[in-house]
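Here the structure is laid out as structure tokens; the discussion comes afterwards.
Just so you know, all these numbers are worked out from the coordinates, no wet-lab data involved. The shown structure was predicted, so the numbers you read here are calculated from the model rather than taken from an experiment. Note that each Cβ is placed from the backbone with ideal geometry, even for glycine, and that neighbours are counted across all protein chains shown.
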Amino acid sequence: MAERRHVLIIGPQGSGKGTQAARVAPALGLVHVAMGDLFRSLMQHDTPLAREVRSYYDRGALVPDELTLRVLLAHLDELAERDGAYQGTLLDGFPRTRAQAEALDRVLAERHEQIAAVVELAVPRTVLIERLSGRLICPQCGAVYHRVFAPPQVPGRCDRCGGELIQRSDDTPEAIARRLDLYEEQTAPLLEYYRQRGLLLTVNGDQPIEQVTHELIAALRPRLEDSHGNHAEITS
Ligand code: ADP
Ligand code: ADP
Ligand code: ZN
């Protein structure tokens, strides 16, 4: 079996990570793993862990690194158990801090897995605020919509599963501003960390959804060819 290879997608809130990852991951033979979705599904049950996560989540604050890593690793183990042959993940929303990036390097090394590429979605702040204030999500399947830019076919209903669309509890003006500041402080510096290792690609996320998808796939596909000259099973 080929070694698992992961791709990280990094960009500010509203840059389109979730939207794009859902489209790009299947085209590249990767499993989309969204840290925020893992937390949202965990919070659907009232447990001590869920209450702890919620105390950070609703303020737009980052969940502590140790807890975040634990939730992520449990999910990766579950993926491997379900399908031992899965080729890798498109990781959306992790890492967001230097400590998380270093922890990821450690756990991937232990598992003999690699980061194939890190892709940055670049979008100006004014556009981000417009996107986040109109965002709607499906709590059942994680699909992402926008009231104006990506409306569902039937208002208020998920195209994919028929679920009722909601506005996220942290998509309020205060929590949005706070999360964008946190991104600049804590996550944007990671771009340099990966650039120095020759892993970073940048795609302009301020374009129509289809065009961004096209550029992401074109940029990532060559990075997922393995070092023995074989091609991972990639479909278009
Ligand atoms: P956004 O990109 O809009 O911040 P996400 O769905 O990716 O939304 O994340 C929602 C919330 O989940 C974050 O505000 C934070 O509370 C928590 N979270 C997600 N990813 C991480 C992470 N890597 N580390 C800590 N907290 C996280
Ligand atoms: P992130 O995961 O980076 O926070 P999302 O994928 O949730 O971003 O997108 C944020 C909002 O912007 C959603 O409402 C989504 O429908 C919308 N959106 C995403 N990409 C685009 C785009 N290229 N043009 C216009 N709106 C977009
Ligand atoms: Zn749905």
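Computed quantities for the displayed model
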quantity	calculated
Contour minus Cα-Cα distance for Glu81 and Arg178 (0.36 nm per residue)	31.2 nm
Relative contact order (%) - the range 135-226, alpha-carbon pairs under 8 angstrom, separation at least six	17
Order by protection proxy (mean Cβ within 10 Å, highest first), peptides 20-27, 36-43	20-27, 36-43
In nm, spacing of pseudo-spin labels at Gln140 and Glu102 (7 Å Cα→C-beta vector)	4.4
In sequence order, calculated HN-Hα J values of the range 121-127 (Karplus, 6.51, -1.76, 1.60; Hz; x Gly/Pro)	9, 9, 8, x, 4, 4, 5
The range 123-236: C-alpha pair distances exceeding 25 Å, %	42
Sequence of Glu225, Glu113, Glu120 once ranked by neighbouring C-beta atoms within 10 Å, starting from the fewest	Glu225, Glu113, Glu120
Most to least packed among 54-63, 159-168 [average Cβ atoms within 10 Å]	54-63, 159-168
DSSP-defined beta bridges in the range 5-235 - what % are antiparallel, rounded to 5	25
Length-normalised contact order of the range 5-235 in % [C-alpha pairs under 8 Å, at least 6 apart]	32
Under-5 Å amide H pairs with Glu120, H placed in peptide plane, nonlocal only	Ile10, Leu201, Thr202, Val203
Rounded to whole Hz, the Karplus (6.51, -1.76, 1.60) HN-Hα couplings of the range 43-57, x for glycine and proline	7, 6, 10, 8, 10, x, 4, 4, 5, 5, 4, 4, 5, 8, 3
Global form of the chain, assessed from the alpha-carbon gyration tensor, a/c cut-off 1.5	rounded
Spin-label pair Arg59/Glu164, simplified geometry with 7 Å Cα→Cβ offset, distance in nm	3.0
Cα centroid of the range 127-157 to Cα centroid of the range 63-122, whole Å	26
Phi to ³J(HN,Hα) by Karplus 6.51 cos²θ - 1.76 cosθ + 1.60 over the range 175-186, Hz, x for Gly, Pro	5, 5, 4, 5, 5, 5, 5, 4, 4, 4, 6, 9
Simple label model, 7 Å out from Cα along Cβ direction - Glu52 to Arg125, nm	3.4
